[in-house]
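The values are calculated or read from the model by the stated rules, or taken from the named source; none is laboratory data. Computed from a predicted structure; not experimentally measured. Here the Cβ is made from the backbone with ideal geometry for all residues, glycine too, and neighbour counts use every protein chain on show.
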Amino acid sequence: MPELSFQERAKLCACDAGRRVFETMARKQSCLSFNPDVTTKAEILETVRQVGAECCMIKTHMDVVSDFDDDLVAQLQKLSEELDFVIFEDRKFADIGNTAMLQYEHGHHRIASWSHVTNAHIVAGPGTVEALKKVGIPLKRGCLLVAEMSSKGTLADGGPYTKAAVEQAYAHEDFVFGFVAQRRITDHAGFLTLTPGVQLQKGGDAMGQQYNTPASVMAKGADIIQVGRGILNAPDRSAAAKEFRKQSWEAYTARLAE
Ligand code: 6AU
């Protein structure tokens, strides 16, 4: 099957937030999502100001931010409009439906109220995503399912577990618009693949993370490369983000030309 453009794929995506992601990617010509995994509000906002212009998406882990408050959310939302990126809170919901629903809507972070996109594990069965959807759909939110992981020894490794994630996604296309995975795991072009574990050189960290290059993950069908420390620890973050953006966009356009 010929590779479709992100604009064409937006039309095949049944989820409002998912379409917004595809359209942002096409408009900005960016397959880059950056995660500022830092622990203060000031550092998050500083890094997002440095690289947000290069990104289609900014991914957060608000539960590591010591001074999280509503103003951080307000400032992030403002930057999302100014710099044109989608906000993705990487909460990896994993509990039974009722608990996941409460975690998504309530608590200190009230994730559903501000994050366009979130993600979920499927380990607890279909109840998790069914419950998240009840909160997310009225707010036009979207969800990615964690189908494969980048870490050494993961149990989400392409076998029956990954297949179950695909089945759950098909059952909830209006809310689930794709996967966190190491490669494309379905032919459905309306589903998006976000691949973490990306740096400019292949390698890993001391705690099991495994890295591949932008070109190699794009060749396996990634649509978005998820980059954290490859940008965060670079001497010039803006230059690093530009390089990740360039390498992944070139790989995408090469795929279209095949
Ligand atoms: O580039 P890094 O290693 O600094 O950051 C990678 C980011 C982290 C992880 O929590 C996340 O990507 N991640 C995920 C996601 C996005 O769900 C899944 C996975 O398999 N591996 C992974 O690293 O914020």
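One table, with the values for the structure above:
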| item | result |
| --- | --- |
| Answer residue from the stretch 87-111, given it is among the hydrophobic types (A, V, I, L, M, F, W, C) and more than 16 Å from the ligand (Cβ to nearest atom) and is farthest from D67 (Cα to Cα) among those | I96 |
| Pairs where the first residue, in the stretch 229-248, is aromatic (F, W, Y) and the second is surrounded by fewer than 19 Cβ atoms within 10 Å (Cβ to Cβ), C-beta under 9 Å, 6+ apart | F244/L200 |
| Residue satisfying condition, being β-branched (V, I, T) and part of a helix (DSSP H, G or I), within set T193, T162 | T162 |
| Residue in the stretch 174-185 that is exposed (fewer than 14 other Cβ atoms within 10 Å of the Cβ) and of a type in the set (F, W, Y) present | no |
| Residue satisfying all of: in the stretch 207-258; of a type in the set (D, E) and part of a helix (DSSP H, G or I); nearest to the ligand (Cβ to nearest atom) among these | E243 |
| Scope the stretch 18-32; condition surrounded by 24 or more Cβ atoms within 10 Å (Cβ to Cβ) and part of a helix (DSSP H, G or I); matching residues | G18, V21, F22, M25 |
| Selection count, the stretch 186-202, where residues are free of Cβ contacts under 8 Å to residues at least 40 places away in the same chain and surrounded by fewer than 13 Cβ atoms within 10 Å (Cβ to Cβ) | 2 |
| Qualifying residue in the stretch 211-225 (condition: of a type in the set (A, V, I, L, M, F, W, C) and either surrounded by fewer than 20 Cβ atoms within 10 Å (Cβ to Cβ) or at pLDDT below 95 (or both)) | yes |
| One residue from A74, A53 being surrounded by fewer than 20 Cβ atoms within 10 Å (Cβ to Cβ), out of contact with any His (no Cβ under 7 Å at 6 or more places or on another chain) and farther than 22 Å from L192 by Cβ | A74 |
| Single residue of the stretch 33-51 satisfying the filter (polar (S, T, N, Q) and assigned to a helix (DSSP H, G or I)) that is nearest to the ligand (Cβ to nearest atom) | T47 |
| Condition broken by G158, with the remaining ones in (1) surrounded by 17 or more Cβ atoms within 10 Å (Cβ to Cβ); (2) small (G, A, S); (3) within 16 Å of the ligand (Cβ to nearest atom) satisfied | (1) |
